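Contents: one structure, followed by commentary.
The values are calculated or read from the model by the stated rules, or taken from the named source; none is laboratory data. This one's a predicted model, so the numbers in the text were calculated from it and none came from an experiment. Neighbour counts are summed over all protein chains in view; Cβ atoms, including those assigned to glycine, are modelled from backbone coordinates with ideal geometry. For accessibility, only protein heavy atoms count, side chains too; no ligands or nucleic acids. Shrake-Rupley method; radii C 1.70, N 1.55, O 1.52, S 1.80 Å.
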Amino acid sequence: MTEDKKTLFIEGKEVEFTDEPNLLEVIRKAGMNVPTFCYRPDLTSFGACRMCVVEVEYPNGRKMINSSCTMPPEAGIKVSLNTEKTRRIRKTVLELLLANHDRKCLTCERSGDCELQQYAEEYGIKEIRYADKDDYLPVDNSSPSIVRDPNKCILCGACVRACDEFQHGVLGFANRGSRTLVQPMNGKPLADVECINCGQCVAVCPTGALTIKSDIEEVWSRVTNPEIKTVVHMAPSVRVALGEMFGLEAGTNSIGKINAALRKIGFDMVFDTNFGADLTIMEEATEFVGRVTKGENLPLFTSCCPAWIKYIETAHPEMLNHLSSCKSPMSMQSPVLVQLAPQMLGVDREHLTVVAIMPCTAKKFECKREELSQNGKQDTDFVLTTKELGKMIKSAGIDFANLEPEEADTPFGEYTGAGTIFGASGGVAEAAVRTAYQMVTGDELADIDILAIRGTSERCKEIELDLKGTKVTVRVVSTIKEAEKSLQEIKAGTAKFQMLEVMACPGGCINGGGQPRSCDNSKIKAQRAEGLYKEDRELPQRKSHFNPSVKKLYDEFLEKPNSHKAHELLHTVYTNRRKNCYISAGEE
Amino acid sequence: MNGSGTSIDFRAIDKILEKYDYKKSYLIAMLQSVQEIYKYLPEEAMTYIGEKVEDLSPATVYGVATFYAQFSLEPKGKYEIKVCDGTACHVRGSMPVLNAIRNKLNITEGKLTSENGLFSLETVSCLGACGLAPVVVINDKVYPQMTSDAVSIVIDTLLKEEGGN
């Protein structure tokens, strides 16, 4: 930064500022805070909730009240955070919000994790002077991933902005004044609109208006049933985020504790989706090398992100041939378990339940796909998000932070560094390159840290690689908004890349819709990603083709990558989900 | 939107979008043009605009359409009756006029269109013709100084033009 350092005063303390977009960021940088519902650093400022009001005194003595999330910092101003006036305004805002709010806190999914509840308590709201409302609107339970309860919405617009600015916008404001609602087009159920189930709306919602569809009770009923054997596997991003729910710092790798907690809950075998990720790389790198050799269906799109898959199926079915036919790590791991776990546990398929722990709400949709079932039974019976697992651990009374670390079960718990970095934007591409290089050149890639495609704040990253004469460009994007730009380049014929990695959540799965709340702190994403890269550096094997269990699985069961057997179990097909009414006159 | 059977000619909407260069800043003008064709905004048309115009979504288009009172999401009748209920018209007796129309056409409160689909009825806030209060406007024709009897005759005339009762 070359800007001059300017200063202003917060609560009498002189504070420097440079290019902060608003006063609230300056306040936070100075180690102080004001409450807010609608301000989310990764989204545009909206100024809807008026909770972040501060009293500002200008050098000429003029005083005014302003919302700090929309006010640019100015040199020389004196800012007071907690005056009689600002506290009174915040209290009134809270009371008015509560007047229109479903007050059934006790039975709310977000109880204990709700910003409205938290501020009401902090500001001493002991009584709501207004009568409870009598016109309750129906709750939308249609989506497999997200529950929308309009009675708990405070119209902060965070979800509308997240949906619009990250993805392709299925939520919007409707009507005006006191009749205003946040809803999909024409109040349709979420399942009937082009929602990709990413859950970013849930991640930014300050109340219980948008919550994760819970499968906790279903899973409890299986793990407590002695007739049923349960196996579980867990995605990379879970290990670096779950600890946050138990007071550990973001990015702390608690894989050992999670393994132990899962066994305490009652799962019979505990595996790691990173094994599935290594398997994905074997298949996807082979597919990529094949496509590059033949020059067909390029660029190849990665297929790990279920939100991205649904977007392509809905918005661009004409580009389905670009998608890798590989299932996601979760959906590769589960059918392998379905095939091999019954013998290991001595049960039939009917008495086996496969659970996957994911950072992702869209995986709840993925697991219900018909093409990911065998004989009418889903390969993955249930998907739990990181947050749901955290709740299970709490309700089981497990002292998570003090658990003795345990190892996952073999063989489907063994993984390499390539599998673990799948959780961060750029990780899938990096892991694929590490193996594809070997497949093309016969040599091992020496410098395997591909820094150019790492990072959680840039939404588009690119690197050109020289595979001993074969030049390939790999592009990495996160959010559908960003991916759409690359798709337009492909359509216009100007795309220069051969592989496109897409993760729908900004920064990748580590920032997924099922992760513990992190929307008021942009740093958490980077900390979680660093947690994964750290594990990668510390693992003995960092390339998928060196995973001994994966090698063994190919030797004994799958023959070789992209074999007939591998195709049967590890590859999938996609569906055109485009609705007729979007097809314009010219496309008919 | 309510199974009224309106079939949407997307080519006509494409023409409207072309006229406005597919720019989202022209959304209100686009919706007005669509409403000129159909007399209301069919859901499919709003979805189509949301999909085709960059940086818009169906939910946003719906949000704009429901924000402004000028847009109707329900089909309207062949005769659009607007009863002015601004202050001047109200004190000079617009409510009896409104009730007379409701009774005559059997349009209960909260409903927009008569059962035969010929008439739709709404109140508006002020037409700027306070000197002629109370005012009724039917398809852009102004009827000044209305009474319940006078408006009855106007509607009878329209019904006669439609050929019968």
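Please state the charge dipole magnitude for chain B, taken about the Cα centre, from unit charges on C-beta atoms (+1 on K and R, -1 on D and E), reported in debye and rounded to the nearest 20. Value, rounded to 20: 340 debye. Taking amide H positions as modeled 1.01 Å from N, with prolines and chain starts lacking one, the residues under 5 Å from A:Gly172 and 5 or more places away or on another chain are A:Gln183. Applying a length cut-off of 24 Å (Cα extent along the axis) and a mean Kyte-Doolittle floor of -0.5 to the DSSP H helices of chain A leaves A:273-294. Taken one residue at a time, the phi angles of the range A:378-383 give Karplus couplings (6.51, -1.76, 1.60, θ = phi - 60°) of 4, 4, 9, 5, 9, 10 Hz. Gly and Pro are set to x. Where only DSSP H runs of four or more residues are counted, chain B gives -13000 deg cm²/dmol as its mean residue ellipticity at 222 nm, each run worth -39500 (n - 2.57). Shown is the FRET efficiency for A:Tyr58 and A:Thr180, computed with R0 = 30 Å from the Cβ-Cβ distance and rounded to the nearest 0.05: 0.35. Of the whole protein surface, A:Phe382 contributes about 30 Å² of accessible area at a 1.4 Å probe radius. Stretched out straight at 0.36 nm per residue, the stretch from A:Glu227 to A:Glu350 would grow longer than its current Cα-Cα span by 43.3 nm.
The GluC sites (Glu not before Pro) of the range A:215-254 meeting both criteria, a DSSP state outside H, G, I, E and B (loop) and at most 16 other C-beta atoms within 10 angstrom of the site's C-beta, are A:Glu227, A:Glu249. Across the range A:195-207, computed HN-Hα scalar couplings (Karplus, 6.51 cos²θ - 1.76 cosθ + 1.60, θ = phi - 60°) run 5, 9, 6, 5, x, 5, 5, 5, 5, 9, 5, x, 10 Hz from first to last residue, x flagging Gly and Pro. These residues, A:Ser143, A:Ser221, A:Ser178, go from largest to smallest accessible area, 1.4 Å probe, as A:Ser178, A:Ser221, A:Ser143.
Using Cα pairs closer than 8 Å and at least 6 residues apart in sequence, work out the relative contact order for the range B:10-67, in percent.
Relative contact order for the range B:10-67 comes out at 30 percent.
Using helices alone, what [θ] at 222 nm do you get for chain A, with -39,500 (n - 2.57) per DSSP H run of 4 or more residues, divided over all residues and rounded to the nearest 500?
Numbers: 19 runs with 192 residues, N = 588.
Helices in chain A give a 222 nm mean residue ellipticity of -9500 deg cm²/dmol.
Placing unit charges on the Cβ atoms of the charged side chains and taking the dipole of the protein assembly as shown about its Cα centre, the candidate lying farthest along the positive direction among A:Gly112, B:Ser72, A:Thr293 is B:Ser72. Would the range A:162-316 count as rounded, prolate or oblate if I go by the C-alpha gyration tensor, calling it rounded below 1.5 in a/c and otherwise prolate when a/b exceeds b/c, oblate otherwise? Oblate is the answer for the range A:162-316, as a/c is 1.5 or above yet b/c matches or exceeds a/b. In this structure A:Cys509 has an accessible area near 50 Å², from a 1.4 Å probe over the protein heavy atoms. Proximity of backbone amide H atoms, modeled 1.01 Å from N, is registered between A:Leu210 and A:Asp149 at under 5 Å, excluding neighbours fewer than 5 places apart on the same chain. Beta bridges per DSSP, both residues in chain B: antiparallel share near 55 percent. If only the Cβ of Lys and Arg carry +1 and only the Cβ of Asp and Glu carry -1, the dipole of the protein assembly as shown around its Cα centre is close to 1520 debye.
Note that the range A:24-35 has calculated 3J(HN,Hα) couplings of 4, 5, 5, 4, 5, 4, 7, x, 10, 7, 10, x Hz, one per residue in order, obtained from phi through the Karplus relation 6.51 cos²θ - 1.76 cosθ + 1.60 (θ = phi - 60°); glycine and proline are x. Shown are B:Val91, A:Val338, whose ranking by accessible area with a 1.4 Å probe and every protein chain present, most to least, is B:Val91, A:Val338. Can you give the angle from 0 to 90° between the axis of helix B:94-105 and the longest principal axis of chain B, with both taken from C-alpha atoms, to the nearest 10? Value to nearest ten degrees: 80.
Taking a 1.4 Å probe, which of A:Lys327, B:Lys160 shows the most accessible area, and what order do the others take after it?
On the way: A:Lys327 15, B:Lys160 160 Å².
Heavy-atom accessible area, descending, gives B:Lys160, A:Lys327.
Of the residues A:Leu171, A:Leu8, B:Gly131, the one whose Cα sits farthest towards the positive end of the charge dipole of the protein assembly as shown is B:Gly131 (charges of +1 on Lys and Arg Cβ, -1 on Asp and Glu Cβ, taken about the Cα centre). Is the C-alpha gyration tensor of the range B:1-107 telling us rounded, prolate or oblate? Criteria: a/c under 1.5 is rounded; beyond that, a/b larger than b/c is prolate, otherwise oblate. Cα axes put the range B:1-107 in the prolate bin. Buried between B and A is an accessible area of approximately 1700 Å², summed over both sides with a 1.4 Å probe.
Rounded, prolate or oblate: pick one for the range A:152-205, where a ≥ b ≥ c are the square roots of the eigenvalues of its C-alpha gyration tensor, a/c under 1.5 means rounded, and failing that, prolate if a/b is larger than b/c, else oblate. Since a/c reaches 1.5 but b/c is at least a/b, the shape of the range A:152-205 is classed as oblate. Close amide-amide hydrogen proximity is noted between A:Thr230 and A:Asp268, A:Met269, A:Thr353, each under 5 Å apart and 5 or more residues distant or on a separate chain (H modeled in the peptide plane; Pro and chain starts excluded). Counting heavy atoms of the protein chains alone, B:Ile107 has an accessible area of about 0 Å² for a 1.4 Å probe.
With pairing defined as another cysteine C-beta under 4.7 Å, the cysteines of chain B that fail it are B:Cys126, B:Cys130. Based on the alpha carbons, how large is the Rg to Rh ratio for the range B:10-67 when Rh follows Kirkwood? We get a ratio of 0.90 for the range B:10-67.
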